[in-house]
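Encoded as structure tokens, the structure appears first; notes follow it.
The values are calculated or read from the model by the stated rules, or taken from the named source; none is laboratory data. Because the structure is predicted, anything quoted here is derived from the model rather than measured. No Cβ is skipped: glycine too gets one built from the backbone with ideal geometry, and neighbour counts run over all protein chains shown.
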């Protein structure tokens, strides 16, 4: 029983993508300084969601999880969007390095003038780390590792359908372990590169793990949402409230983990109050950004804490759909307050440029992922733990 | 019904029956200890007594008998404290977090890991207690009204948060451990023939009769306590890390500290559990319950947490270099190349490099290697705390205050003494408590027992529509 991608769903994703295109054109004309930061924001979020899916698969391969095999085709399909998101990020980096435009700008340090005159830049490792060539090299490395492993894991999973046996499973276990090691390093460095370096003088050792937490939660939310969409189509009858319960449990747990690292970073900087660190939060808690920062905190922490704690709430499809949407939006706002203060400062707003582009990226992501899902079986029929997943009961 | 894929290794070997499980686990309590046990117990108890003697010597003479000085006011005492607290993390992690993750292999090891937690926290709590010097006013730690003393505690201080975190953690861990023990104590009670012993086990098992209602409540309480312990176990080392990270000392104030300390704590705790279990399974003949498969899982966690700690070390180094803050920059340069370089490189090789050997399946499943590497990790994690604490302190902002720290024989002696206390308690535990959770182990016999797996393998194949494999 395969998924057919068509009808209303297909039209909806196309409409969303067209709205996004309109928002980009509108943004370029009406709000030019907001265009690139928003492109970065959306490209990063949907890359994060996609790689979050691969991490979900890899963690379960390495830890020999069983129940996840019922839904693993969903995150596998995320790999189709990964190159789009990541090459867009690369494009933004290259554009910013060579653009002389004052309006279309993201990373302050890419300005040749900054690289020649900034005292902190010149007297620290930034001179080496934030060097144009090295930076582009790293981004290409991220693409190779993240996309490469996502692609291979999906390929072997599909091969398993055809030839059976344990060979592909064993290969995937090894590849997943290697991927997790590489991702353990590159998730941090990518977070420094794409996001932390926007505020070129600021630094925080926690930043990598903070970004990782957001990536994983967003990925989990999207896995849950698409699984529930498929269930609403009458597909995946082997997935029941027990699987959704486990997925939501992970969303809950990693929302708390996200809060933990958020608070750890914030509290230590607030407590010690060093000028080179506290500026970051002074800006984010100024009247300008306070609303966004605090709303993100409420949606990503208070909301799941209260609404996802109970057992029943994790087992109702409609409720879980609602919660996953809210948390996904919470992480949109969180990354919004990471990116905007260092790029467009007080000129931020949430208007058609922002919402339209988010809708557009969502449409594109869904189009690509659902299209990929429709091409292959939803059940990994030869997965050695599939029977465990089918009997899953908690 | 809970079914299991045939490619999962069995967790209980030797084709056990329910009765055999009880027999095997209760045997050490009912039998007599051998000479080896008495020998090891005597050595541990003597060491413990020696440590206690040195603690009293410290009380009588003053903190001056330690190697502390005006610049390095915290050294071995806090290093030992953090080391022991870290070791204590594995018990709760195994009993609570692995329960939430439905890891069945935890059943064989949770009891002794929890016991170890409690003993480790006792050893840890010794150090802040004796560091105050005037132990007769040690209750000033607590926020008591002023008529009990002249000091009102500082609620802004992470040291006070630490006190709360550890005492809460200790109480909840103790409760969790004890509740798990009740049904097993009842099993021991029902088998005892010595009236006096029977009376003791009757008292400690709180009249457990094993009816359905009691089991139902037991399960509920276990789940609630697991839910409570999970944030608690994370909070303890988080707050320990804040003892350092809320300061302005270079090398201490870094935002990654909370999760990095927690990962390190789990790392060292698992290593200590490995060390203890490898000996225990042999001495008490429990090889069929604590199998090589169990050791492999533990080694995988050691490798994972060791690598997380490794990422944190590298992050600290790179960000210190990236930040452009010269003090941070110097602090890390001094760690790696300064007078304590040997401590830094011991830490790096023991904690980051040596666990990578577990990538090799043969090493991961070798008892000798597991034992050897678990000791190495314990040593490495002690050095980690020493490096963080002493190398950051001994280079003050004011170069005229620069100094070195050298431990005295009292410093060393008290640390060895706490090892004695720890092993004494653990040895006593191993002869009077069921060291494996009997009831919980039985609950997985008809899923993960080797006899059961063999019997149902063909059913599993039939049940699914899979046409694979082997």
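Remark: residue A:82 falls outside the filter, which requires a residue to be over 30 Å from residue A:383 (Cβ atoms), modelled with pLDDT of 95 or more and crowded, with 17+ Cβ neighbours inside 10 Å. If the condition is being within 14 Å of another protein chain (Cβ to nearest Cβ) and free of Cβ contacts under 8 Å to residues at least 60 places away in the same chain, then region B:104-141 contributes only B:106. Here region A:360-392 is the region considered, the condition is being over 19 Å from residue A:224 (Cβ atoms), at the interface with chain B (Cβ under 10 Å from one of its Cβ atoms) and part of a loop (DSSP other than H, G, I, E, B), and the residue that is modelled with the lowest pLDDT is A:391.
In region B:16-32, the count of residues that are outside any helix (DSSP H, G or I), touching a helix residue (DSSP H, G or I) at 6+ places or on another chain (Cβ under 7 Å), under 25 Å from residue B:426 (Cα atoms) and more than 14 Å from chain A (Cβ to nearest Cβ) is zero.
Yes/no per residue for (1) surrounded by 24 or more Cβ atoms within 10 Å (Cβ to Cβ); (2) under 22 Å from the mean Cα position of the chain (by Cα); (3) without any contact (Cβ under 8 Å) to a residue 40 or more places away in the chain; (4) at positive phi:
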{"residue": "A:24", "(1), (2), (3), (4)": "no, yes, no, no"}
{"residue": "A:32", "(1), (2), (3), (4)": "no, no, no, no"}
{"residue": "A:45", "(1), (2), (3), (4)": "yes, yes, no, no"}
{"residue": "A:66", "(1), (2), (3), (4)": "no, no, no, no"}
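Within this structure, residue B:338 fails the test of being surrounded by 16 or more Cβ atoms within 10 Å (Cβ to Cβ) and under 22 Å from the mean Cα position of the chain (by Cα).
A count restricted to region A:338-367 and to residues that are closer than 20 Å to residue A:4 by Cβ and surrounded by 23 or more Cβ atoms within 10 Å (Cβ to Cβ) stands at 2.
Determine whether region B:46-63 contains at least one residue that is part of a loop (DSSP other than H, G, I, E, B) and either under 27 Å from the mean Cα position of the chain (by Cα) or away from chain A (no Cβ under 14 Å) (or both). Within region B:46-63 (the criterion being part of a loop (DSSP other than H, G, I, E, B) and either under 27 Å from the mean Cα position of the chain (by Cα) or away from chain A (no Cβ under 14 Å) (or both)), the answer is yes, since at least one residue qualifies. Against the condition assigned to a loop (DSSP other than H, G, I, E, B) and within 14 Å of chain A (Cβ to nearest Cβ), how does residue B:240 come out, does it pass? The answer is no for residue B:240. Among the criteria (1) under 27 Å from residue A:194 (Cα atoms); (2) away from every other protein chain (no Cβ under 14 Å); (3) more than 22 Å from the chain's Cα centre (by Cα); (4) buried (at least 22 other Cβ atoms within 10 Å of the Cβ), the one residue A:268 does not fulfil is (2). Out of the residues in region A:185-206 that are more than 17 Å from residue A:125 (Cα to Cα) and facing chain B (nearest Cβ under 9 Å), state the one that is surrounded by the most Cβ atoms within 10 Å (Cβ to Cβ). Ranking the qualifying residues of region A:185-206, first place goes to A:206. Restricting attention to region B:316-363, the residues that are facing chain A (nearest Cβ under 10 Å) and part of a loop (DSSP other than H, G, I, E, B) add up to 2. Residues of region A:279-289 that are away from every other protein chain (no Cβ under 12 Å) and touching a helix residue (DSSP H, G or I) at 6+ places or on another chain (Cβ under 7 Å): A:283, A:284, A:285, A:288, A:289.
Taking the listed residues A:196, A:173, A:206, the one that is within 18 Å of residue A:55 (Cβ to Cβ) and touching a helix residue (DSSP H, G or I) at 6+ places or on another chain (Cβ under 9 Å) is A:173, with no other qualifying. Specify the residue that is surrounded by the fewest Cβ atoms within 10 Å (Cβ to Cβ); the eligible residues are those in region B:288-309 that are free of Cβ contacts under 8 Å to residues at least 60 places away in the same chain and at the interface with another protein chain (Cβ under 9 Å from one of its Cβ atoms). Here the answer is B:308. Among the conditions (1) more than 23 Å from residue B:419 (Cα to Cα); (2) within 14 Å of another protein chain (Cβ to nearest Cβ); (3) assigned to a helix (DSSP H, G or I), residue B:388 misses just one, which is (1).
If the condition is being crowded, with 18+ Cβ neighbours inside 10 Å, touching a residue at least 40 places away in the same chain (Cβ under 8 Å) and closer than 29 Å to residue A:349 by Cα, then region A:271-314 contributes A:277, A:280, A:283, A:284, A:289, A:292, A:293, A:296, A:300, A:301, A:304. Exactly one residue among A:104, A:114, A:87 is in contact with a helix residue (DSSP H, G or I) (Cβ under 8 Å, 6 or more places away or on another chain) and not in a helix (DSSP H, G or I), and that residue is A:104.
Taking the criterion of being within 14 Å of another protein chain (Cβ to nearest Cβ) and closer than 24 Å to residue A:372 by Cβ, would at least one residue in region A:70-79 satisfy it? Yes, the conditions are met somewhere in region A:70-79.
A quick yes/no check of all residues on (1) within 30 Å of residue B:8 (Cβ to Cβ); (2) buried (at least 18 other Cβ atoms within 10 Å of the Cβ):
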position	(1), (2)
A:111	no, yes
A:122	no, no
A:134	no, no
A:149	yes, yes
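Does residue A:323 satisfy being surrounded by 22 or more Cβ atoms within 10 Å (Cβ to Cβ), away from every other protein chain (no Cβ under 14 Å) and under 23 Å from the mean Cα position of the chain (by Cα)? Break it down into steps so the answer makes sense when it comes.
On the way: surrounded by 22 or more Cβ atoms within 10 Å (Cβ to Cβ): yes; away from every other protein chain (no Cβ under 14 Å): yes; under 23 Å from the mean Cα position of the chain (by Cα): yes.
So residue A:323 passes the test.
To keep it simple, each residue is scored yes or no on (1) closer than 30 Å to residue B:251 by Cβ; (2) facing chain B (nearest Cβ under 10 Å); (3) assigned to a helix (DSSP H, G or I).
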site: A:183; (1), (2), (3): yes, no, yes
site: A:210; (1), (2), (3): yes, yes, yes
site: A:215; (1), (2), (3): yes, no, yes
site: A:235; (1), (2), (3): no, no, no
site: A:276; (1), (2), (3): yes, yes, yes
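Checking the structure you have, find out if any residue of region B:394-403 is within 26 Å of residue B:329 (Cβ to Cβ), touching a residue at least 60 places away in the same chain (Cβ under 8 Å) and in contact with a helix residue (DSSP H, G or I) (Cβ under 8 Å, 6 or more places away or on another chain). Yes, region B:394-403 contains a residue that is within 26 Å of residue B:329 (Cβ to Cβ), touching a residue at least 60 places away in the same chain (Cβ under 8 Å) and in contact with a helix residue (DSSP H, G or I) (Cβ under 8 Å, 6 or more places away or on another chain). When you scan region B:258-274, do you find a residue that is in contact (Cβ under 8 Å) with a residue 12 or more places away in the chain, away from every other protein chain (no Cβ under 11 Å) and outside any helix (DSSP H, G or I), even just one? Within region B:258-274, not a single residue is in contact (Cβ under 8 Å) with a residue 12 or more places away in the chain, away from every other protein chain (no Cβ under 11 Å) and outside any helix (DSSP H, G or I).
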